[in-house]
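What follows is a single structure, written as structure tokens, with notes after it.
The values are calculated or read from the model by the stated rules, or taken from the named source; none is laboratory data. Values in this document were obtained by computation on a predicted structure and should not be read as measured data. Positions of Cβ are backbone-derived with ideal geometry, glycine not excepted, and every protein chain shown enters the neighbour counts. Heavy atoms of the whole protein, side chains included, go into the accessibility calculation; ligands, DNA and RNA do not. Shrake-Rupley method; radii C 1.70, N 1.55, O 1.52, S 1.80 Å.
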Amino acid sequence: MEDLVSLCKRRGFIFQSGEIYGGMQGMYDYGPLGVELKNNLKHAWWSAMIYENDNIEGLDASILSNPTVLKHSGHEDTFSDPMVDCRACNGRWRSDLIDDSKCPGCGSTDLTEPRPFNLMFKTAVGPIDDGASFAYLRPETAQQIFTNFKNVVDSSSKSLPFGIAQIGKAFRNEITPRNFIFRVREFEQMELEFFVVPGTDDEWHNSWVQKRLDWWVQQGVPMESIELYEVPDDELAHYSKRTVDVMYKFPHGLEELEGIANRTDFDLGSHTKNQDELDISAKVMENKSSNTRLAIQDIETKKWVVPYVIEPSAGVDRGILAIMNEAYNIEQLEGGKERTVLKLKPHLSPIKAAVIPLKKNNDDLVRLASDLKSTLQKLNLGRVVLENTGNIGKGYRRHDEIGTPLCITIDFDSLEDMTATVRDRDTMEQKRIKIDLLPEYLIKVVNG
Ligand code: GAP
């Protein structure tokens, strides 16, 4: 993990947030390359969900959440982790993550009994901070999908089964954030709420588990590094009938990358008005505040049905960590040398191609390289850079380390025959290709 963290900082993927003032625990900033990688991963998820499925719609809802939403979702009462205090050093810890009942800070066994600690962040809303007017920073993106259920159904004429997907920030006041970007206080989720006819939920659940595994493999996380975890009944979240966790072999151990839950009719049943007129199977809190019926009318029977929900919920940051961990390679080269190479899937690479003029002070070479950069950039495959440092070897090393699939060198022969040397990141093979053919070549490399 240390080598990966060091590469992330050195090359501009991920920085500790507020580092110049000593940093803040559980918060990270994505640098110039990190933001590209993250956007590419989110785009891959968005395409797989929304563009490839006509029955899934997107949403981008507010982060600040009305407390009533999180009261009826059950988060106010149950969204907590067990916390203990160490009487010797005043450290606070998640009791379920402590080994041997010993304080991880000082080793003392003088700990308090565990007590629930609610993980939601609160913030004042409006100019008067009297404690009465506040909002929560959402702890998951899911809830605004449920509260917008009728808006989306009415505006997009959906019938079951269909989904609503969202990518966005979520916040949790983790007691012990740790392991780099694995457990943080501010992170991003990619969540789909897929609404189905009750009774078809088990089948849909299994099918989403398989689809999500296939997707992770396409992102460069192989099945050998994944295990499925059938969450036992006593560990299930308050809303879940069954949850299957996609566990990944992170550098620090096997841990959750994504959870795929059958949330039953709990959420729509919790947020709907007229609960007693609907056939809700989950145990829900009485709701006298909602002004909207969250159900779908069966066209034939005219009966109102509260759909069941299958929820694949993935962490963007954990995805980045898994993908970078898989891609990170140190290779031994001939002559005792070694190279660090990030073998990212090209569609995720922060930079798709680097165009390198052989000499930085030669106007003709730089002009041709710069024209090629513009042509390739216009393909809209992602970022293409002009690497005008005049040091080819250094350029190759840098682009291997940041996962650029192709380096394209413009030399003096290029001016004569309009060809360029194209170097493949993974094989290090170099071949001459006509400059005219490079757009097509890059499209093939990036899109597979
Ligand atoms: N809506 C369901 C839900 O939020 P979850 O298992 O609590 O379920 C889903 O979270 C995913 O969000 C996890 O699988 C993980 O990838 C990510 N996640 C959760 N807490 C996180 C944290 N503190 N830091 C980074 N990622 C987190």
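Observations
- Accessible surface for residue 202 stands near 80 Å², nearest 10, in the context of the full protein assembly shown (1.4 Å probe).
- Heavy-atom accessible surface of the chain: percent carbon and sulfur, 1.4 Å: 47
- DSSP bridge pairs, the range 352-448: antiparallel proportion in percent, nearest 5: 55
- Backbone amide hydrogens, once placed in the peptide plane, bring residue 117 within less than 5 Å of 81, 83, excluding anything fewer than 5 places away on its chain.
- Cα-based shape type of the range 3-101, given that a ≥ b ≥ c are square roots of the gyration tensor eigenvalues and the cut on a/c is 1.5: oblate
- Sites residue 108 and residue 24, calculated FRET efficiency, Cβ-Cβ separation with R0 25 Å, nearest 0.05: 0.40
- Cβ-defined net charge surrounding residue 64, 13 Å radius [Lys, Arg +1; Asp, Glu -1]: +3
- Solvent accessible area, Å² - residue 271, 1.4 Å probe, full protein context: 20
- For the pair residue 211 and residue 338, the difference between a 0.36 nm per residue extended length and the Cα-Cα distance amounts to 42.0 nm.
- Solvent-accessible heavy-atom area per residue, rounded to whole Å², over the range 220-312 at 1.4 Å: 51
- Only protein heavy atoms count here; under a 1.4 Å probe, residue 211 has an accessible surface of about 90 Å².
- Net lengthening on full extension, residue 42/residue 331 (0.36 nm per residue, minus Cα-Cα): 101.1 nm
- Interchain or long-range residues, amide H under 5 Å from residue 27's placed H: 17, 185
- Positive minus negative residues near residue 12 (Lys, Arg vs Asp, Glu; Cβ under 12 Å): +1
- Close amide-amide hydrogen proximity is noted between residue 410 and 356, 358, each under 5 Å apart and 5 or more residues distant or on a separate chain (H modeled in the peptide plane; Pro and chain starts excluded).
- Formal net charge of residues neighbouring residue 183 (Cβ-Cβ distance under 12 Å; K, R +1; D, E -1): -1
- Cysteines without a disulfide-compatible neighbour (Cβ-Cβ under 4.7 Å), the chain: 8, 407
- Modelled spin-label separation between residue 304 and residue 234, with each label point placed 7 Å from Cα along the Cα-to-Cβ direction: 3.9 nm.
- Longest site-free stretch - the chain; sites: GluC sites (Glu not before Pro), DSSP loop, at most 10 other Cβ within 10 Å: 53-285
- Cross-link partners of residue 71 among aspartates and glutamates (Cα-Cα below 13 Å; sequence separation of 8 or more within a chain): 267, 286
- Given R0 = 41 Å, the distance between the Cβ atoms of residue 54 and residue 418 translates into a calculated FRET efficiency of 0.40.
- Kirkwood Rh (inverse of mean 1/r, distinct Cα pairs), the chain, angstrom: 24.7
- Residues of the range 44-150: accessible area per residue with a 1.4 Å probe, Å²: 52
- Compared with the alpha-carbon gap, the fully stretched path from residue 128 to residue 447 is longer by 109.6 nm at 0.36 nm per residue.
- FRET efficiency, 1/(1 + (r/R0)^6) with R0 51 Å, evaluated for residue 35 and residue 99 via beta carbons: 0.90
- Lysines whose Cα lies under 17 Å from that of residue 158, excluding same-chain neighbours fewer than 8 positions away: 150, 302, 303
- Karplus-derived HN-Hα couplings along the range 329-346 (A = 6.51, B = -1.76, C = 1.60, θ = phi - 60°), whole Hz, x at Gly and Pro: 9, 10, 10, 7, 10, 4, x, x, 7, 9, 9, 9, 9, 9, 8, 6, 4, x
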